1. Are any residues in region 127-170 in a strand (DSSP E or B) and among the charged types (D, E, K, R), and if so, which ones?
2. When region 263-279 is examined, which residues are found to be acidic (Asp, Glu) and touching a residue at least 24 places away in the same chain (Cβ under 8 Å)?
3. Please go through region 78-106 and give me each residue that is within 15 Å of the chain's Cα centre (by Cα), closer than 21 Å to Asp323 by Cα and surrounded by fewer than 23 Cβ atoms within 10 Å (Cβ to Cβ), ordered by number.
4. Take Val98 and decide whether it is under 26 Å from Cys210 (Cα atoms), outside the structural domain of Trp186 (by TED's automatic domain parsing) and in a helix (DSSP H, G or I).
5. What residue, among those in region 304-332 that are out of contact with any Pro (no Cβ under 9 Å at 6 or more places or on another chain) and β-branched (Val, Ile, Thr), is surrounded by the fewest Cβ atoms within 10 Å (Cβ to Cβ)?
6. Which numbered condition trips up Pro228, out of (1) outside the structural domain of Ile81 (by TED's automatic domain parsing); (2) assigned to a strand (DSSP E or B)?
7. What number of residues within region 294-306 are part of a helix (DSSP H, G or I) and either in the same structural domain as Met132 (by TED's automatic domain parsing) or touching a residue at least 40 places away in the same chain (Cβ under 8 Å) (or both)?
8. Testing Tyr202 on (1) outside any strand (DSSP E or B); (2) surrounded by 20 or more Cβ atoms within 10 Å (Cβ to Cβ); (3) at pLDDT 95 or above, one condition comes back false. Which one is that?
Amino acid sequence: MRKLFTLLLVMLAATAMMFAGGSGESSDGSVIIRIGNAMADDHPWNLAINEMIKLADEYSGGKLIIQNYPNATLGTEADLIESTNNGSLDMYVGDPTVGASFCKELELFSLPFLFRDKAHWTAALDGEPGQMYADRVAENSNLLILGYWGGSERNVIATKKPVLSIDDLQGFKLRLAPSELKFSVWEAIGALPVTIAFGETYSALQSGVCDGMENEMPSILTAKFYEPAPYFTLTQHEITVRPLAMNEDKFESLSPELQEALLKAIDEGTAIARDLEAQAAADAEKEMVEKYGIEIYEIDKEPIIAATAGIFAEFGERTGTSDIIEAIQNVN
């Protein structure tokens, strides 16, 4: 993120005269920026956004007024990213894959085992691959990625017995959100993906419509999925990437001074969001183990990684992201 922030500041300096007195400002020089997300008020993202609001106010001398709309107030994640793309919303943070219908590159981070661990995740997103991805998205949409949030690990939970090897996933009815890529991934592993709405997943687990699901620890705790599915396997198949993106026209309408203030606030807000999300994941896991007695299991990931290797090549060729995938994999 630091590299992305620095590069954007260089761009600002080079175009300062061009954008002075930008049309995004009111007569008193103040600007309202509306940001939306689908998470609850106390979610780490919204706690971080609250801090970002204060930072933006401080760094802009009160001229940047960020208004937050959590709890899917302005629509679903798909609605929010599309609204940001078309300019009816200014900023959005959330799952990028829901925007794949208008920018196919946005589904990249659903590839399994793209990141070796959290350190690799951080180095890749804050380094050249993160900049490459942001540039590619900007080329094919109206979205400017100004920060990478997320960082939670997604794991498989099961209702009947623990998943201890890839053999246990053969014919395993796994609840997934609608995603062609995710279905391809889990079918390659041998599972039987089923599409079930998030709000109907608890009853589906309870009734046997599905054998399990994959998700992040805080979401599993909040929705009480641990009750019908108490067997947790640390597949760690995905470390989530949740970009904070802004409508390009809105950003360019700001004066260079306000752009710089906003970028500084987002850069610091990103660090806060990552720390809060990591702590929330650790706290959720601890609570479910100590309070609710869930059991956690390890799994040999190598057979799963081998089974899904072909998905990388196919996705890279189809979306023109092979160079970004390679750059991520080459990060030490």
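1. Glu153, Arg154, listed by residue number.
2. Result: Asp267, Glu268, Glu277.
3. Selection gives Thr97, Ala100, Glu105.
4. Against the criterion (under 26 Å from Cys210 (Cα atoms), outside the structural domain of Trp186 (by TED's automatic domain parsing) and in a helix (DSSP H, G or I)), Val98 qualifies.
5. Thr319
6. (2)
7. Residues flagged as part of a helix (DSSP H, G or I) and either in the same structural domain as Met132 (by TED's automatic domain parsing) or touching a residue at least 40 places away in the same chain (Cβ under 8 Å) (or both) within region 294-306 amount to 3.
8. (2)
The values are calculated or read from the model by the stated rules, or taken from the named source; none is laboratory data. All of these numbers come straight from a predicted model, not from anything done at the bench. All Cβ positions, glycine included, derive from the backbone under ideal geometry; neighbour counts span all protein chains shown.
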